[in-house]
Amino acid sequence: MSLLSYLESITFKDYVESIRKKKIIFFVFNLIASILLVFWALSLNNYYKSSALIYSDSSDKLSQLSSQYSGLASLAGINLPTDGSTNNIDIAISSIRSKELFKTLVDKDENLLPNLLAYKSLNKETGEIIYDKKEYDVNNKTWIRKPKGEYGVIPTYIEGHEKFIEDVLRVSKDIKTNFVSVSIEHISPKFAYSLLENLISELNFTSRQKQILESNKALDFLELELLENNIESIDDAIASLVESELKSKMLANINEEFLVKYIDKPFVPEKKTRPSRSIICIIGFLLSLLISSIYVIYSSYQNEKLKGN
């Protein structure tokens with residue numbers, strides 16, 4: 001008798017009878033599997049997610065200024081964008097995911113890469129991250145890990161960025177409202193909060209510095225144009241552009257939430273987002289039942305096969 005024909009002929013009553021004959025093995029296997037599952041589920045780290053909701057003002061003041069003075073700029077031979085094709089919120093999303101912004105954070109925080117690449121667990125009493133001793137020596141603040149493929153002992157910001165994008169950062173945009181949800185997930189709720197806060201803060205800071213630098217360059221250029229041109233109409237246009245750039249520079253200097261603004265600020269999460277230990281145990285128990293059932297049926301098939309011989 002083939003296994004397929006045996007499976008077609010077996011009834012639920014036969015299955016129950018097979019379990020009864022192998023009840024000790026059946027129940028012991030499932031008991032051991034359940035105990036191991038519980039211990040494994042309990043050993044898993046809790047992960048916490050800090051999130052923020054941000055937006056960029058669609059009636060961007062700098063875009064308004066560019067539109068207002070575009071005609072004057074053309075008289076002076078300067079082209080300013082007026083079609084509104086540059087979407088600040090899309091720029092913000094790309095910047096949040098960029099290696100450049102991540103590298104800036106790494107340069108400012110020596111613990112960022114260890115917190116992303118060398119964590120092992122969390123001290124629930126102190127809230128401190130416990131590092132893998134085979135990866136990172138926290139006392140001397142040195143990496144002691146073995147080289148991993150193309151990566152050396154000391155991780156680069158490129159390696160950290162890969163981990164950051166794949167496992168830590170989540171960014172989603174609501175198409176209807178253009179609101180953007182940004183979240184950071186980590187075993188440390190405090191680290192998740194601080195990293196998210198620093199990420200948005202650095203995004204606005206670098207955007208402000210870039211605008212100030214561009215405005216300074218534009219003002220230097222316009223001042224030279226004023227000195228070289230003697231045509232009154234062009235001088236008036238340049239003077240208006242100078243006023244525009246000064247306003248742009250002023251906005252960049254006084255507005256801390258320059259590129260994006262908060263609707264909902266980051267927070268220190270109190271509830272874990274994963275793992276769901278109950279679901280893990282339930283699925284694991286069902287799998288153990290399936291495996292033990294397959295064993296019982298196959299064992300019964302072997303017995304029937306021996307009897308037939």
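The values are calculated or read from the model by the stated rules, or taken from the named source; none is laboratory data. Note that the coordinates shown come from a computational prediction; the quantities given were computed from them, not determined experimentally. With ideal geometry, Cβ positions are generated from the backbone for all residues, glycine too; neighbour counts draw on all protein chains shown. What goes into the accessible areas is simple: the full protein's heavy atoms, side chains included, and nothing from ligands, DNA or RNA. Shrake-Rupley method; radii C 1.70, N 1.55, O 1.52, S 1.80 Å.
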Residue check for S172: small (G, A, S), assigned to a strand (DSSP E or B) and surrounded by fewer than 18 Cβ atoms within 10 Å (Cβ to Cβ)
yes
Of I200, I158, which residue is out of contact with any Leu (no Cβ under 9 Å at 6 or more places or on another chain), buried (at least 18 other Cβ atoms within 10 Å of the Cβ) and within 20 Å of E100 (Cα to Cα)?
I200
Neighbours by Cβ (under 7 Å, 6+ apart or cross-chain): first from the stretch 115-126, free of Cβ contacts under 8 Å to residues at least 60 places away in the same chain; second among the β-branched types (V, I, T) and open to solvent by 50 Å² or more (accessible area, probe 1.4 Å):
K120/I130; N123/I130
Restricting to the stretch 259-296, give me the number of residues that are surrounded by fewer than 14 Cβ atoms within 10 Å (Cβ to Cβ) and assigned to a helix (DSSP H, G or I).
9
When the residues of the stretch 134-155 are narrowed to those that are without any contact (Cβ under 8 Å) to a residue 12 or more places away in the chain and part of a strand (DSSP E or B), which ends up surrounded by the fewest Cβ atoms within 10 Å (Cβ to Cβ)?
T142
